[in-house]
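Structure, as structure tokens:
The values are calculated or read from the model by the stated rules, or taken from the named source; none is laboratory data. All values derive from a computational prediction rather than experimental measurement. Note that each Cβ is placed from the backbone with ideal geometry, even for glycine, and that neighbours are counted across all protein chains shown. These accessible areas exclude ligands, DNA and RNA; they are computed on the full protein's heavy atoms, side chains included. Shrake-Rupley method; radii C 1.70, N 1.55, O 1.52, S 1.80 Å.
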Amino acid sequence: MIKTEMAAALNEQINKEMYSAYLYMSMSAYSNKIGLKGFANWFMVQYHEEMYHAMKLYEYVQRQGEDVKLEALATPPASFESALDMFTQTLTHERYITQSINDLMDLAQSLKDHATQIFLEWYVTEQVEEEENDNDIIQQLNLIGSNPHGLLMLDRDLSSRMTTVPTDFSKGVEAAAA
Ligand code: FEO
């Protein structure tokens, strides 16, 4: 059992995670368009991660006996100035998501909702990793500057990123993760 206010805030977070997936899908398409296949791979892996984040919330809301309420997604940008621009926007977006998770945790604490606090801990930890990944790649892009050789080497590196989260939720998120 969770409060209606908590369920509404978790439903909003589903939308934010789905938008994150949409944003990284758009970045993946743009990377492909400009010939950076490794970046395209990295962002498509990130797309799957975001769908997993959304689906974990989707399942949690239902397990707590509340309704999932899906809203329309905003349109993500379709073009970017550079690889650095994509990762700078990614980091800005992830900081916004981190704040959103922190706000959810504050709400769960104020409602004395222990189950949701425990559920959200996973997201708190995940956001540290997400921001760290983005910061690492931004640092490398700053070192590369306008050197195309360096950019292609990083592109090759990013092509090795693999999807580690489940992608088939037809039997439920927890079953998929088991
Ligand atoms: Fe779901 Fe990238 O935070």
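Below is a table of values for the structure above.
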{"item": "Number of positions in region 4-29 that are in contact with a helix residue (DSSP H, G or I) (Cβ under 6 Å, 6 or more places away or on another chain) and closer than 13 Å to H48 by Cβ", "result": "7"}
{"item": "Scope region 43-71; condition within 13 Å of the ligand (Cβ to nearest atom) and farther than 10 Å from N11 by Cα; matching residues", "result": "F43, V45, Q46, Y47, H48, E49, E50, M51, Y52, H53, M55, K56"}
{"item": "Members of region 89-114 found to be open to solvent by less than 50 Å² (accessible area, probe 1.4 Å) and assigned to a helix (DSSP H, G or I), listed by number", "result": "T90, L91, H93, E94, I97, T98, S100, I101, L104, M105, L107, A108"}
{"item": "Count of residues meeting criterion [within 16 Å of the ligand (Cβ to nearest atom) and free of Cβ contacts under 8 Å to residues at least 24 places away in the same chain] in region 129-147", "result": "4"}
{"item": "M86 within 16 Å of the ligand (Cβ to nearest atom), under 19 Å from I2 (Cβ atoms) and surrounded by 13 or more Cβ atoms within 10 Å (Cβ to Cβ)", "result": "no"}
{"item": "Number of the condition not met by D134 [criteria: (1) surrounded by 18 or more Cβ atoms within 10 Å (Cβ to Cβ); (2) touching a Gly at 6+ places or on another chain (Cβ under 7 Å)]", "result": "(2)"}
{"item": "Any hit, region 42-62, residues being free of Cβ contacts under 8 Å to residues at least 40 places away in the same chain and on the phi > 0 side of the Ramachandran plot", "result": "no"}
{"item": "Positions within region 124-159 being closer than 20 Å to E50 by Cα and of a type in the set (D, E), in sequence order", "result": "E126, E129, E130, E131, E132, D134, D136"}
{"item": "In region 31-46, the residues that are crowded, with 20+ Cβ neighbours inside 10 Å and either aromatic (F, W, Y) or not in a helix (DSSP H, G or I) (or both)", "result": "L36, F39, W42, F43"}
